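A short write-up of the structure that comes next.
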């Protein structure tokens, strides 16, 4: 993709991906799901997850899987509120850009 992905858009995408799993999901799966939308490395994803955790948008817990602990991420109530804000802002932004491309702007 030729467009840069800023921190807010990364946060929005990650929250949207994690929100699809009611019990939460783990880092590798998040990376795979996000990669269906944008090109993202794990080294980019984990700072986003830490930032969202620090901002109280994600909670973290460990669960055993095949004899090992796997770290899971789940959207908090604050994260849900942030995701709704991102969704609203994205709709407005994308409608304006689409209108511009389609020649519908004044």
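Tabulated data
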{"read-out": "Among residues of segment 37-65, those that are within 15 Å of residue 9 (Cβ to Cβ) and surrounded by fewer than 12 Cβ atoms within 10 Å (Cβ to Cβ), counted", "value": "2"}
{"read-out": "Residue check, residue 86 out of contact with any helix residue (DSSP H, G or I) (no Cβ under 7 Å at 6 or more places or on another chain) and in contact (Cβ under 8 Å) with a residue 24 or more places away in the chain", "value": "no"}
{"read-out": "Any hit, segment 49-57, residues being under 11 Å from the mean Cα position of the chain (by Cα) and without any contact (Cβ under 8 Å) to a residue 40 or more places away in the chain", "value": "yes"}
{"read-out": "Residue 10 being free of Cβ contacts under 8 Å to residues at least 60 places away in the same chain, over 18 Å from residue 89 (Cβ atoms) and surrounded by 14 or more Cβ atoms within 10 Å (Cβ to Cβ)", "value": "no"}
{"read-out": "Selection count where residues are free of Cβ contacts under 8 Å to residues at least 12 places away in the same chain and either closer than 19 Å to residue 13 by Cα or outside any loop (DSSP other than H, G, I, E, B) (or both), scope segment 66-78", "value": "3"}
{"read-out": "Qualifying residues in segment 13-30 (those that are out of contact with any strand residue (DSSP E or B) (no Cβ under 9 Å at 6 or more places or on another chain), surrounded by fewer than 18 Cβ atoms within 10 Å (Cβ to Cβ) and in a helix (DSSP H, G or I)) - the one modelled with the highest pLDDT", "value": "16"}
{"read-out": "Any chance residue 40 is within 12 Å of the chain's Cα centre (by Cα), within 30 Å of residue 105 (Cβ to Cβ) and at pLDDT below 95", "value": "no"}
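The values are calculated or read from the model by the stated rules, or taken from the named source; none is laboratory data. Note that the structure is predicted; figures quoted are calculated from it, not measured. When we count neighbours, we look across all protein chains shown, and the Cβ atoms used for this are built from the backbone with ideal geometry, even at glycine.
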